[in-house]
Each structure stands twice: as C-alpha cells, then as structure tokens.
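Engineer: Can you read through this structure? Questions will come right after.
The values are calculated or read from the model by the stated rules, or taken from the named source; none is laboratory data. Predicted model only: the values in this text are computed from it and were never measured. FYI the Cβ positions are ideal-geometry reconstructions off the backbone, even for glycines, and counts take in every protein chain you see.
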Amino acid sequence: MDKVRWGLVSTANINRQVMPAIRASRRGDLAAVASRSRDRAEAYARDWEIPHAFGSYQEMLTSGAVDAVYVSLPNHLHAEWSIRALQSGIHVLCEKPLAITLPEVDAMLAASRESGCALAEAFMYRHHPQTKIAGEFVQSGKLGEISLVRGAFDFYMSEKLRQPGNLNVRLVPEYGGGCLWDVGVYPLSFAQFIMGGPPLEVVGKQWVGDSGVDETFAGQMIYPGGRLAQISASFRTPFHTFVEIVGSKGRLHLTRPFINMGKKREMIFYPKRGRAKKFPVPQKTLYSGEVEDMHAAILDGKPNYINLEESRNHVRTVLALYESAQKGQPVTLHSD
C-alpha cells in the first residue's frame, strides 16, 4: 500500500474540513462516503466528487473499498462504529471526544490492540505548529515553572439550531451533547498537554438550558505542586477562543488555537521584564496534521502523535468535571 483509501462515516459538516486535507496529501485518496440513506450518500458523493457511496456504514466497512475511516458521527456513536471499523481491519480517525464513557473507551482500545489497526482521536489543533511551539516553550524552560493554564472556546448557538425540526445534535443529552463535550474538550486537552497528564482533582460548574445539556461550563483542574488549569466553554456567548500559559518567567498567549478560519493565529510572549514579543506562527492548514499522522501510522508503522492513554485521560477528566458540577463539590480522579 502506498496510499491510504479513506472513507467518511457520515455526511457531517465537519467532513468539509477533513476532505481537503486528505486530497492535498500525496499519501491519501478520498474513496468513499457512507450514510444511513443511499440517496443521501449518492447525492453527497456527487456533490463532493467521491468515487463510492454506501447506504449504510457497515456496507462501506465490508466493501473492501477503504483502508481507513474518519468517524464524524454524533458523540454517542463514536465507540460503536470505531469498534466495528477496527474489527473489519480498518484504521480509524475518530472525531473528539473518543467516546463518552470509560467502558466505551476501553472497548475501543481493546479493539485497536486486537486488530493491529491504528486508532486516533481527532484533536487537529495538537498537530499544528502553534501548539507544538507552545509545547517547546514550556519544555525548554522559557516560561519557567508553570503555575497556570487558562483556555476558552465559546460560540453562540443560533436559535434556528434550537428548533424541534432542526435541533442540533450538540443539544441532545442522549447523544452526548453539551458544550463541555463539544468545545470545552479543546482547552481541557490543551491543559493536559502542557501539564503532562490528567489533574488530581477537578471542580466543575455548569448552566443547563432548556435543552437539558450544559450550555455554559467552567472548570478548574488541580495539579501537583499547586498548579492549576482553568477552562470555560459556552453555546450562549459570541465567539471567543484563546489559551494562555503562565509561568515564573512570563506568560504565553495563543490566539485562535482551535479553529481553521478567520484571522491569523498569533503567539505573544509577555516576559517577566521587558516588552512583549510576537512569535511567527506558520499558517499551516489545521486539519492536515492529523491526516498525515494517520498516514505515518498506517504506512510507516509509526505511533500516533496523540496516544490512546492521553485520549482516555481526556474522557476521564470530562466525566469528573460533570460529576463535580452535578454534585456541587470537588471530585478526585483516582488512578485506575
């Protein structure tokens, strides 16, 4: 195999970000799309010039037409269809979060081990130069001892997407809806990347709307040595996203760390003394890194950049934050 034949499990809007990255790669081909409706799959394939269309996800998995799939289904279906793909000998790039329960995550990890196929969580921003430069800043000691990571990802969910006939899946509790699962996982995962793992304890606070899901969420994560991470997410405020890393020698501010559109990203270092300094950020397409990472795993046998223990810890921490918000008290993350 010198090229990976990709299939899309669903016709979700997020596919529009991933398809150009597959097509731009010399090591990948966009081969197929599957939907629950054959008519919908065929129309989608015509619109996006995809060679094969399938009227069910399982039909694509057993067709022999694909080597890897991008799972962009609603959160509650990630585990089921990732496992089915892995059991069919197909590699999986699964949209975040990997799953919404730990038993599901563990079943996915077991399926990956047993099949020998790659499984990765699609946190595209982790592969971008901006994030990697921030990691190098911390690891090199330029920020000194890290005491705090702060991050946010907020946007306004339009009234149109709240209507019964057009209800967005992000607002459906049984689908794994809620702003923490949807966009709060971005600053949460960034904090774990910088801090080197999951927290010892968390405190979560949420505002639950008529939808029955959290539409605003704020969380604090406590790490050894008194280090803290603070995150927030919302469906109820104008668009806003940032990350800030605070250390004994200064702080590093990242603009637009999690999105692929609009203004250019910036990194600004505010030293303990002296003037702020802007660092150039390569304006690389946000989604290409995760696709190339999968190609390296499939074609070269390299480990995925985001390992599955990290992904499991993302889910553990989200679940602990929800538990804290529901109980109104701090929750300790126990080792398991």
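Engineer: Touching a helix residue (DSSP H, G or I) at 6+ places or on another chain (Cβ under 8 Å), outside the structural domain of D67 (by TED's automatic domain parsing) and touching a residue at least 24 places away in the same chain (Cβ under 8 Å): which single residue out of F258, F242 fits that description?
Structural biologist: Unique residue meeting the criteria: F258.
Engineer: OK, next. For H91, are the conditions met, namely being touching a residue at least 12 places away in the same chain (Cβ under 8 Å) and touching a Gly at 6+ places or on another chain (Cβ under 7 Å)?
Structural biologist: No: the conditions fail for H91.
Engineer: Hey, among E121, E114, which residue is surrounded by 14 or more Cβ atoms within 10 Å (Cβ to Cβ) and at pLDDT 95 or above?
Structural biologist: Matching residue, one of E121, E114: E121.
Here's the yes/no breakdown for (1) farther than 18 Å from I14 by Cβ; (2) assigned to a strand (DSSP E or B); (3) assigned by TED's automatic domain parsing to the domain that holds G176:
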| site | (1), (2), (3) |
| --- | --- |
| R36 | no, no, no |
| R40 | no, no, no |
| R46 | yes, no, no |
| I50 | no, no, no |
| A53 | yes, yes, no |
| G64 | yes, no, no |
| Y70 | no, yes, no |
| I83 | yes, no, no |
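Engineer: Against the condition at pLDDT 95 or above, hydrophobic (A, V, I, L, M, F, W, C) and assigned by TED's automatic domain parsing to the domain that holds F269, how does I146 come out, does it pass?
Structural biologist: Criteria met by I146.
Engineer: While we're on this one: State which residue is nearest to the chain's Cα centre (by Cα) when the search covers only the stretch 152-175 and only residues that are over 15 Å from D210 (Cβ atoms) and in contact (Cβ under 8 Å) with a residue 12 or more places away in the chain.
Structural biologist: F153
Engineer: Assess whether A233 counts as being assigned to a strand (DSSP E or B), surrounded by 17 or more Cβ atoms within 10 Å (Cβ to Cβ) and out of contact with any Lys or Arg (no Cβ under 8 Å at 6 or more places or on another chain).
Structural biologist: So A233 passes the test.
Engineer: Moving on to the next point. Would you mind finding the one in E290, E309, E323 that is under 15 Å from the mean Cα position of the chain (by Cα), in a helix (DSSP H, G or I) and over 24 Å from S25 (Cβ atoms)?
Structural biologist: E309
Engineer: I'm told A31 meets every condition in (1) out of contact with any helix residue (DSSP H, G or I) (no Cβ under 9 Å at 6 or more places or on another chain); (2) part of a helix (DSSP H, G or I) except one. Can you identify the failing condition by its number?
Structural biologist: (2)
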